[in-house]
Amino acid sequence: MDISDPRLIEAHKKMTERVEKYDERIVTVLKGSLSTEQALNDLLSVAGRRWKRRTFAGKIDKAEKLFCPELDAGFWATIKAANALRNAVAHGHSEGQIVQRSAELKKALLAWVSPEQRPGIEAMTEPQMISTAFNNCSSYLVVAADQYGK
């Protein structure tokens with residue numbers, strides 16, 4: 001096949017776009033997950049709970065038992081959906097599964113936020129929505145840790 005073959009040029013273009021999309025998704029999800037997990041670690045530490053050898057899901061379960069009033073059912077649904085997306089991305093699940101996990105995260109986030117915030121989230125790109133979900137979870141965990149320590 002000649003390097004100037006239009007089919008090869010088009011295939012290269014599509015693959016480059018796919019890789020860029022994957023890169024953005026991976027970086028967004030993993031960075032968000034790391035910051036949220038650190039905030040979760042901080043909450044568990046302030047609460048005097050053992051957490052160092054637990055998975056993110058195990059830490060979520062441990063923290064949920066603290067019954068922090070700042071962390072309501074919408075928060076727990078969102079952080080669990082965010083973790084499910086992280087797992088799908090990190091473990092190389094199929095594009096269909098990742099898209100489904102992203103949709104589940106968006107649904108949980110939309111159910112959690114105020115009615116005034118929903119239109120803005122609906123208009124977000126996938127990376128923006130993922131960042132918002134993880135950042136909201138992290139922020140709530142920071143406040144819960146601060147309140148728990150008082």
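With touching a helix residue (DSSP H, G or I) at 6+ places or on another chain (Cβ under 7 Å) and modelled with pLDDT of 95 or more as the only criterion, which of Ile121, Ile26 stands out? Before you say what the answer is, go through the steps one by one.
On the way: Ile26 fails: modelled with pLDDT of 95 or more.
Residue meeting the stated conditions: Ile121.
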Inside segment 108-138, the number of residues satisfying the requirement of being within 27 Å of Asp42 (Cα to Cα), under 13 Å from the mean Cα position of the chain (by Cα) and touching a residue at least 24 places away in the same chain (Cβ under 8 Å) is 12
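Check whether at least one residue in segment 41-64 is among the polar types (S, T, N, Q) and touching a helix residue (DSSP H, G or I) at 6+ places or on another chain (Cβ under 6 Å), and report yes or no. I'd like the intermediate steps shown before the answer.
Taking segment 41-64 as the starting set, the residues that turn out to be among the polar types (S, T, N, Q) are 41, 45, 55.
Narrowing further to those that are touching a helix residue (DSSP H, G or I) at 6+ places or on another chain (Cβ under 6 Å): none.
No, the conditions are met nowhere in segment 41-64.
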For segment 2-29, the count of residues that are farther than 30 Å from Thr78 by Cα, assigned to a helix (DSSP H, G or I) and not polar (S, T, N, Q) equals 10
Here the residues within segment 103-131 that are hydroxyl-bearing (Ser, Thr, Tyr) and surrounded by fewer than 13 Cβ atoms within 10 Å (Cβ to Cβ) are Ser114, Thr125
Quick count over segment 46-65, residues being more than 14 Å from Lys80 (Cα to Cα) and surrounded by 11 or more Cβ atoms within 10 Å (Cβ to Cβ), is 5
The number of residues in segment 90-102 that are open to solvent by less than 60 Å² (accessible area, probe 1.4 Å) and closer than 13 Å to Ala133 by Cβ is 1
Note: among Pro6, Pro69, just one is under 19 Å from Val142 (Cα atoms) and surrounded by fewer than 12 Cβ atoms within 10 Å (Cβ to Cβ), namely Pro69
Scanning segment 15-41 residue by residue, the ones that are of a type in the set (D, E, K, R), over 11 Å from the mean Cα position of the chain (by Cα) and open to solvent by less than 70 Å² (accessible area, probe 1.4 Å) total 0
Flag if Tyr140 is at pLDDT below 95, surrounded by 16 or more Cβ atoms within 10 Å (Cβ to Cβ) and aromatic (Phe, Trp, Tyr): no
Quiz item: Any chance segment 70-82 includes a residue that's small (Gly, Ala, Ser), under 19 Å from Gln128 (Cβ atoms) and under 13 Å from the mean Cα position of the chain (by Cα)?
Solution: yes
Taking segment 44-97 and keeping residues in a loop (DSSP other than H, G, I, E, B), within 21 Å of Ala111 (Cα to Cα), among the hydrophobic types (A, V, I, L, M, F, W, C) and in contact (Cβ under 8 Å) with a residue 40 or more places away in the chain leaves Cys68, Leu71
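The values are calculated or read from the model by the stated rules, or taken from the named source; none is laboratory data. Note that the structure is predicted; figures quoted are calculated from it, not measured. Because the Cβ atoms are built from the backbone with ideal geometry, glycine has one as well, and the counts that use them run over all protein chains shown. Side chains are part of the model used for accessible areas, which takes the heavy atoms of the whole protein and leaves out ligands, DNA and RNA. Shrake-Rupley method; radii C 1.70, N 1.55, O 1.52, S 1.80 Å.
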